[in-house]
Amino acid sequence: EGESGRKKINEYTRYATVALCIFQSWFYMRILVGSDLIRDEFLVGPPGEQHLPLAWQLTAVLTMTAGTTFLMWLGEQIDEYGIGNGISLLIMAGILARMPSAAYQLLKPMITDGIELSGSGGTIGVDKLLVLGAMFVGVIFGVVFITQGQRRIPTQSAKHVRGRRVYGGTRQYLPLRVNQAGVMPIIFASSLLLFPSVLFQWLAKVDWTSDFWRNLWNAFNASFQRGESYLYNLMYVGLIYFFCYFWTAITFNPKDMADNLKNYGTFIPGHRPGRRTADYLEKVMVRITYVGAGFLALVAIIPTLVATWMGVSWGVASFFGGTG
């Protein structure tokens, strides 16, 4: 219902965001506990049965939820007062803030061990540095190129006469983005793949689990570690393809687009207005989404390849793909 409808949808989105923050922050806290990243003074109970107090857990969950809600509000203010892409700017700022640390981590071996022609024993040489720099520029170029890529569908507007003048009859084009989903499929896929690891870690630590099941859960957990298994990478690529089509199906409605073209007296040459036009637009979108999803999958896998093949730490390799 116009502006009022958009405001109501935004209101529902905020409520869903808070609920998701509470759920995800609890999981994040459990990951910290399972990884032994919580210090001993926060734990209570006898040795071997130590646990976090309920008040501490509630404080941690509410703190993370409140912080994320504040960031959501801040992003909306950036959107409202003219800059736009508020949340994306905040995410970009968080990524860029890690670049000095990653650069120091990358260049530290060269500073301490001296400049070498080739890196060995985990050090980074000049040749690797040049390759990483060229790859960084190439990845950025590819991301911009695919993000701006369009499949232009030619359209023809019908002629109509008003008085002694003839209007319409012009040829234009309908731009369809190759990467309609943006970076969202990568975010969804990487977030969803956290849950199997958390689940298997929890199952491996259950008291009633025998050694056989404990070893089995640990093996499954190892299979879902990022950058360390082919299973993780295969599922990562599969989820990216799924969410690309899922997000495109939500944001792109060929039937509405065909009806709008018909109402404005515009048609696609060779295709009748209405259902035939909608079927044609859907077929084109399915094909170009396949290419866009393949590019996103490649960008998501590049950090793993850089970290594995070139011996670069994950903190540096993460800038070569995904949201980075």
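The values are calculated or read from the model by the stated rules, or taken from the named source; none is laboratory data. This structure is a prediction, so every number in the text was calculated from the model and none was measured. Heads up, the Cβs are rebuilt from the backbone with ideal geometry, glycines too, and the neighbour counts pull from every protein chain shown. Remember, those area values only see protein heavy atoms, side chains included, never the ligands or the DNA or RNA. Shrake-Rupley method; radii C 1.70, N 1.55, O 1.52, S 1.80 Å.
General observations
- Heavy-atom accessible area for Asp256, with the other protein chains in place and a 1.4 Å probe, reaches approximately 80 Å².
- Around Asn10: net Lys/Arg minus Asp/Glu count, Cβ-Cβ under 14 Å: -2
- Nearest 10 degrees, 0 to 90: helix 230-251 Cα axis against the chain principal axis: 30
- Accessible-area value, Thr13, 1.4 Å probe, nucleic acids and ligands omitted, Å²: 70
- Stretchable slack from Ala16 to Glu1, in nm (0.36 nm times residue separation minus alpha-carbon distance): 3.3 nm
- Normalised by 2.2 N^0.38 Å, with N the number of residues, the alpha-carbon radius of gyration of segment 165-324 equals 1.49.
- The modelled label-to-label distance between Val144 and Ile87, using points 7 Å beyond Cα along the C-beta direction, is 2.6 nm.
- Close Lys pairs in the chain, defined as Cα atoms under 20 Å apart and 8 or more places apart or on different chains, number 4.
- Here, segment 243-324 yields an orientationally averaged convex hull projection of 6.9 nm² when only Cα atoms define the hull.
- Solvent accessible area, Å² - Leu58, 1.4 Å probe, full protein context: 100
- By accessible area, using a 1.4 Å probe on protein heavy atoms only, segment 246-324 has 59% of its surface on carbon and sulfur.
- Of the chymotrypsin sites (Phe, Trp or Tyr not before Pro) found in segment 252-324, the ones in coil according to DSSP and having at most 12 other Cβ atoms within 10 Å of their Cβ are Tyr264.
- Heavy-atom SASA rank of Leu296, Leu96, Leu130 (probe 1.4 Å, accessible area, largest first): Leu130, Leu96, Leu296
- Rough spin-label spacing in nm, given labels placed 7 Å along Cα→Cβ, for Phe70 and Arg214: 4.2
- Chain lengthening between Ala55 and Asp79 when straightened (0.36 nm per residue, less Cα-Cα): 5.0 nm
- Rounded to 10°, Cα long-axis angle of helix 54-80 versus longest principal axis of the chain: 30
- Heavy-atom SASA rank of Glu1, Glu282, Glu11 (probe 1.4 Å, accessible area, largest first): Glu1, Glu282, Glu11
- Accessible area (Å², per residue) of the chain, counting only protein heavy atoms and a probe of 1.4 Å: 65
- Net +/- balance of residues flanking Phe252 in space, Cβ distance below 15 Å, scoring K and R +1, D and E -1: +1
- According to the calculation over all Cα-Cα pairs in the chain, the P(r) per 10 Å bin from zero is 5, 16, 24, 25, 16, 8, 4, 1, 0, 0 %.
- Residues of segment 172-194 with amide N under 17 Å of a point placed 7 Å along Cα→Cβ from Phe246: 180-194
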